[in-house]
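First up is the structure itself, then whatever we jot down about it.
The values are calculated or read from the model by the stated rules, or taken from the named source; none is laboratory data. Keep in mind it's a predicted model, so treat the numbers as computed, not measured. Backbone-built Cβ (ideal geometry, glycine too); neighbour counts: all protein chains shown.
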Amino acid sequence: MTAAAHPSVAQLSTSGQATHLPFWLAQALAQEPAQPRPLQGETTADVCIVGGGFTGLWTAIQLKQARPDLDVVIVEKDLCGSGASGRNGGCLLTWSTRFFTLLRLFGETEACRLVKASEDAVYQIANFCREHAIEAQVRVDGTLYTATNEAQKGAMQPVMAALAARGISSWAPWGRDEVQRHAGSALHEEGCFSPAAGSVQPGLLVRGLARVARQMGVRIYENTPMSKLVESEQLQVLTTQGRVAAGQVVLAMNAWMATSFSQFSRSIAVVSSDMIITEPRQCLLEHTGLEHGTAVMDSRTFVYYYRSTPDGRIMLGKGGNTFAYGGQMLPSFDQPSAYEGQLQEALRAFFPAWRDVPLAASWNGASDRSVTGLPFFGRLNNHPRIFYGFGYSGNGVGPSYMGGQILSSLVLGLDNDWTRSGLVGGPLGHFPPEPVRWLGSLMVRNAIRRKELAQDLGLRPRRLDNWLAGFAGAAGKTDKC
């Protein structure tokens with residue numbers, strides 16, 4: 001069964017037009033149908049947040065937790081969760097594997113703090129869901145990074161040693177038998193496990209956060225795209241049918257920042273991650289050994305990642321497939337995955353027993369890939385009351401909680417570890433201008449594919465492919481978990 005034919009993916013928008021919803025969001029809306037309330041006319045707010053995904057919602061919630069009296073408005077161009085927040089793989093990960101990048105950019109003290117904060121965010125999200133009855137299938141069952149060929153072996157050893165030397169490592173090496181048993185696949189040769197991670201149904205999480213935000217008094221206007229931001233003494237967010245006059249503005253638009261504000265056109269590369277999910281087979285899942293919420297991924301540059309679901313499915317994804325010229329939002333980002341066949345072959349390779357299990361859906365989405373692989377935050381055009389944050393590079397489910405901590409601290413004018421962080425300095429590097437960026441991205445992507453195919457076959461990659469692939473290494477792994 002293809003994604004286009006699946007009834008939970010093909011939906012009607014509020015305008016009556018056919019649209020393709022990602023699987024997770026479609027599941028969430030089937031349980032609690034959306035009742036969007038567009039902004040019509042003029043309103044005022046202490047804080048207007050543009051974007052109703054994880055970053056915008058966590059910012060609004062943390063603002064209300066700190067200052068219940070604040071009048072907070074969210075304007076969302078579609079439905080809350082229609083962007084990356086509702087269409088990722090649902091892997092709840094941390095920044096521990098990016099320690100060397102953090103160390104290089106921010107120094108040892110801040111790098112260690114950010115690793116520990118990213119792990120704490122996993123538990124904070126789980127606790128928040130319990131406290132507010134958000135049934136988002138949060139399972140803090142850890143993550144398993146593996147090697148699926150000889151060349152990948154030992155990839156995690158340097159970062160594990162560096163974390164352990166500083167007393168902040170949550171990782172433990174696992175042998176081949178233990179890895180294969182827990183990961184449910186004989187493809188894995190070795191692995192490293194951290195309990196500070198897990199998985200979540202992202203559509204249920206983002207819709208649950210929207211519900212809680214409304215209960216706290218946040219006004220959310222969906223189907224309300226921003227048409228213009230007026231940067232004046234009185235900030236104004238103009239929409240297609242209304243206007244918000246706000247004391248402060250937070251831009252939480254992720255990949256859409258690059259198309260909305262020209263100064264960010266080279267700050268990120270917009271790249272797809274593609275996913276498939278099977279029909280449920282609970283007995284087969286138990287036989288496979290995946291009756292848990294561990295997020296599993298290999299050690300490729302463009303990782304394969306997978307996890308199970310409580311209702312007996314396997315989700316598998318891979319990043320780094322489609323690069324958008326000029327950072328544009330391609331129509332293909334809102335359609336079933338063009339790489340469905342490749343992903344299904346990978347699924348069958350990992351799990352031969354699932355060969356005949358049909359797919360329930362495939363989908364993809366746009367990831368805001370920064371030069372460093374980390375998000376960045378700042379003030380738009382140095383305006384003292386307009387803040388932004390994006391660039392999660394495919395690892396935003398957990399770190400977006402930290403994004404909310406940063407942005408809410410900036411709005412409240414606090415002097416704390418978040419507002420003093422090196423993350424709050426704007427983009428930490430830029431991509432080349434077009435067409436160099438797009439052509440270079442394709443060259444690097446194709447070199448990585450050739451290199452990793454050779455490694456899978458036990459062959460030595462060409463030196464040119466090794467050299468080109470090295471340009472992707474500075475930012476770490478590319479995924480959309």
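The condition (being loosely packed, with under 15 Cβ neighbours inside 10 Å, within 21 Å of GLY403 (Cα to Cα) and touching a residue at least 40 places away in the same chain (Cβ under 8 Å)) is satisfied by just one residue among GLN263, GLN241, GLN248: GLN263. For the condition aliphatic (A, V, I, L, M), touching a helix residue (DSSP H, G or I) at 6+ places or on another chain (Cβ under 7 Å) and not in a loop (DSSP other than H, G, I, E, B), ALA353 qualifies.
Sub-8 Å Cβ pairs linking a first residue in the range 458-469 that is in a loop (DSSP other than H, G, I, E, B) to a second residue that is of a type in the set (S, T, N, Q), at least 6 apart or interchain, are GLY458/ASN149; PRO461/GLN455, ordered by first then second residue. Taking the numbered list (1) touching a helix residue (DSSP H, G or I) at 6+ places or on another chain (Cβ under 6 Å); (2) without any contact (Cβ under 8 Å) to a residue 24 or more places away in the chain in turn, GLN455 passes all entries but (2). Only one of the numbered conditions (1) more than 25 Å from ILE386 (Cα to Cα); (2) among the aliphatic types (A, V, I, L, M); (3) buried (at least 21 other Cβ atoms within 10 Å of the Cβ) is violated by ALA133, and that is (3). Taking the range 413-441 as the range and being touching a helix residue (DSSP H, G or I) at 6+ places or on another chain (Cβ under 6 Å) and within 30 Å of ASP46 (Cβ to Cβ) as the test, the residues that pass are ASN416, TRP418, THR419, GLY422. The number of residues in the range 305-335 being under 15 Å from ASN88 (Cα atoms), of a type in the set (D, E, K, R) and part of a loop (DSSP other than H, G, I, E, B) comes to 0. One residue is enough: does the range 60-76 have a residue meeting the conditions buried (at least 24 other Cβ atoms within 10 Å of the Cβ), closer than 18 Å to LEU209 by Cα and of a type in the set (S, T, N, Q)? Checked against the condition, which is being buried (at least 24 other Cβ atoms within 10 Å of the Cβ), closer than 18 Å to LEU209 by Cα and of a type in the set (S, T, N, Q), the range 60-76 yields no hits at all.
Consider the range 378-418 and keep the residues that are hydroxyl-bearing (Ser, Thr, Tyr) and not in a helix (DSSP H, G or I). The one that is modelled with the lowest pLDDT is SER393. The residue list CYS48, CYS80, CYS112, CYS91 contains one member that is under 24 Å from the mean Cα position of the chain (by Cα) and free of Cβ contacts under 8 Å to residues at least 60 places away in the same chain, which is CYS112.
Of the residues making up the range 269-304, those that are part of a strand (DSSP E or B), at pLDDT below 95 and β-branched (Val, Ile, Thr) number 2. Looking only at residues in the range 164-181 that are among the hydrophobic types (A, V, I, L, M, F, W, C) and not in a loop (DSSP other than H, G, I, E, B), the one that is surrounded by the most Cβ atoms within 10 Å (Cβ to Cβ) is VAL179.
Given the criterion at pLDDT below 90 and over 22 Å from GLN328 (Cα atoms), identify the matching residue among ASP479, ASP456.
Only one candidate qualifies: ASP456.
The residues listed here are ARG385, ARG463, ARG437, ARG449; of these, the one that is charged (D, E, K, R), loosely packed, with under 15 Cβ neighbours inside 10 Å and more than 28 Å from ALA196 (Cα to Cα) is ARG463.
Residues in the range 375-415 that are of a type outside the set (Gly, Ala, Ser) and under 16 Å from ALA258 (Cβ atoms): PRO375, PHE376, PHE377, LEU380, ASN381, TYR388, PHE390, TYR392.
Output the helices (runs of 4 or more DSSP H) that fall wholly within the range 53-163 and possess 2 or more residues being of a type in the set (Val, Ile, Thr) and closer than 29 Å to ALA28 by Cβ, or say none.
54-66, 108-131
Take GLU108 and tell me if it is among the charged types (D, E, K, R), over 23 Å from TYR392 (Cβ atoms), in contact with a Lys or Arg (Cβ under 9 Å, 6 or more places away or on another chain) and surrounded by fewer than 18 Cβ atoms within 10 Å (Cβ to Cβ). Criteria met by GLU108. Could you tell me which numbered condition ARG369 fails, if it satisfies all but one of (1) in contact with a helix residue (DSSP H, G or I) (Cβ under 6 Å, 6 or more places away or on another chain); (2) of a type outside the set (Ser, Thr, Tyr); (3) part of a strand (DSSP E or B)? The single condition ARG369 does not satisfy is (1).
Rundown of residues vs (1) outside any loop (DSSP other than H, G, I, E, B); (2) under 30 Å from ALA26 (Cβ atoms); (3) without any contact (Cβ under 8 Å) to a residue 24 or more places away in the chain, yes/no style:
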{"site": "SER185", "(1), (2), (3)": "no, yes, no"}
{"site": "VAL206", "(1), (2), (3)": "yes, yes, no"}
{"site": "ALA210", "(1), (2), (3)": "yes, yes, no"}
{"site": "ASN223", "(1), (2), (3)": "no, yes, no"}
{"site": "LYS228", "(1), (2), (3)": "yes, no, yes"}
{"site": "GLU233", "(1), (2), (3)": "no, no, yes"}
